[in-house]
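Bear in mind these aren't lab numbers, they're just calculated from the coordinates by the rules spelled out. This is a predicted model, so every value here is computed, not measured. Every residue, glycine among them, receives a Cβ derived from its backbone with ideal geometry; neighbour counts consider all protein chains shown.
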Amino acid sequence: MRGYTSDKDDYLRRLRRIEGQIRGLHRMVENDEYCIDVLTQISAATKALQSVSLGLLDEHLKHCVTEALAEGGDTADAKVREASDAIARLVRS
């Protein structure tokens with residue numbers, strides 16, 4: 001079971017909302033909407049994706065990494081490294 005399983009419906013609902021935002025952006029560009037309005041919507045979609053990613057990262061740390069640390073050994077090292085790499089990717093984006 002994944003760490004986010006208990007909140008899966010919430011994540012799916014949020015992702016559907018983001019999907020709708022992206023479709024709206026597509027329509028805005030098709031309709032030659034004002035640049036600043038498009039950029040504002042891109043910023044909103046980006047923040048929504050960041051919120052989902054931070055939630056998933058939090059769940060990963062609480063469940064997957066915590067369980068691996070309890071087991072110890074190479075598995076724990078690998079999970080911590082994996083989480084650190086994911087955090088680095090999020091910070092760069």
Subject >> Förster radius 35 Å - calculated FRET efficiency between R2 and S43, Cβ distance, rounded to 0.05 >> reply: 0.75
Subject >> Stretchable slack from L54 to V91, in nm (0.36 nm times residue separation minus alpha-carbon distance) >> reply: 12.3 nm
Subject >> Within straight-line cross-link reach of K8, lysines at Cα separation under 16 Å, skipping those fewer than 8 residues along the same chain >> reply: K62
Original post:
If you compute Kirkwood radius over Cα pairs in Å for the structure shown, which of (i) 14.6; (ii) 15.2; (iii) 13.3 do you land on?
Top reply: (ii)
